[in-house]
Amino acid sequence: MEQAQRTLFHYSCGLVIAHKEKYRLMKLLKLMLVVLFVLIAGVMLFHQKVIALLVLPPYIDWATQTEAQGLVSGVALEAKQLLIAKEIGIKQPEKIRLVYVEQVPFPHDNALLKTVGEALGFIGDGIVNNAQVFGYSIYVRTGYELTTPRLAHELVHVLQIERSSLEAVVTQHFSDLATYGYNDSPLEVEAYKANQHYKDR
């Protein structure tokens, strides 16, 4: 009888110890998850600050210069294209210029911007940029057929810049790419709606 009581006591103690150990491990696991979350949030915040401080200013300066060059060398929209621009809501469609180039420009000579561009999928092996908007300048790769839906897509980007600014849109686009990816970024989602709206024109 005494032996049985000792055995039961030791078994009960074992259960208590096991329960305490399990509780301790659960608390440790929760703490580790919190630390991991904080680290991830810190990395994301640091990443956005690096982009804001080091990447955006030189890119915006370059994009502004690229727009200015396009306004000089590009061609004005035709009557039908002007009508679409007005339908989309652009207030000054007459300022828009189409700039046909062998390769849509990117600041390859800036090592930091080149690295970021490759990381975000702007440039790199197998990546071809067919068209890109810089303010009122729409750069189009020679050989790329600028159909009505495709033009409408680019005109929405012109509208986005016109209703805010080139700097604001570039800043939002970089942030959106890091958060949503290219296809799901709000600016692109809005522009792709124009593709659908004008698909039969």
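The values are calculated or read from the model by the stated rules, or taken from the named source; none is laboratory data. Quick caveat: nothing in here was measured; it's all calculated off a predicted structure. Note that each Cβ is placed from the backbone with ideal geometry, even for glycine, and that neighbours are counted across all protein chains shown.
Per-structure values
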quantity: All positions within region 52-106 that are of a type in the set (V, I, T) and either within 21 Å of S164 (Cβ to Cβ) or in contact (Cβ under 8 Å) with a residue 40 or more places away in the chain (or both); calculated: V55, I60, T64, T66, I84, I88, I90, I96, V99, V101
quantity: Candidate set from region 180-201 (those that are exposed (fewer than 13 other Cβ atoms within 10 Å of the Cβ) and modelled with pLDDT under 90); member that is farthest from D61 (Cα to Cα); calculated: D200
quantity: Criterion (over 17 Å from G89 (Cβ atoms) and touching a residue at least 12 places away in the same chain (Cβ under 8 Å)) met by exactly one of L159, L151, L177; calculated: L177
quantity: Qualifying residue in region 91-103 (condition: at negative phi, polar (S, T, N, Q) and more than 19 Å from the chain's Cα centre (by Cα)); calculated: yes
quantity: Pairs, first more than 14 Å from A178 (Cα to Cα) in region 109-131, second surrounded by fewer than 16 Cβ atoms within 10 Å (Cβ to Cβ), C-beta under 7 Å, six or more apart; calculated: N110/P58; L112/L54; L113/P58; K114/H108; G124/E118; I127/G121; N130/Y144; A131/Y144
quantity: Residue in region 125-141 that is buried (at least 20 other Cβ atoms within 10 Å of the Cβ), among the acidic types (D, E) and either over 15 Å from the mean Cα position of the chain (by Cα) or within 23 Å of S73 (Cβ to Cβ) (or both) present; calculated: no
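Okay, residues lined up against (1) of a type in the set (V, I, T); (2) in a helix (DSSP H, G or I):
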residue: I84; (1), (2): yes, yes
residue: D109; (1), (2): no, no
residue: L112; (1), (2): no, yes
residue: F122; (1), (2): no, no
residue: V128; (1), (2): yes, no
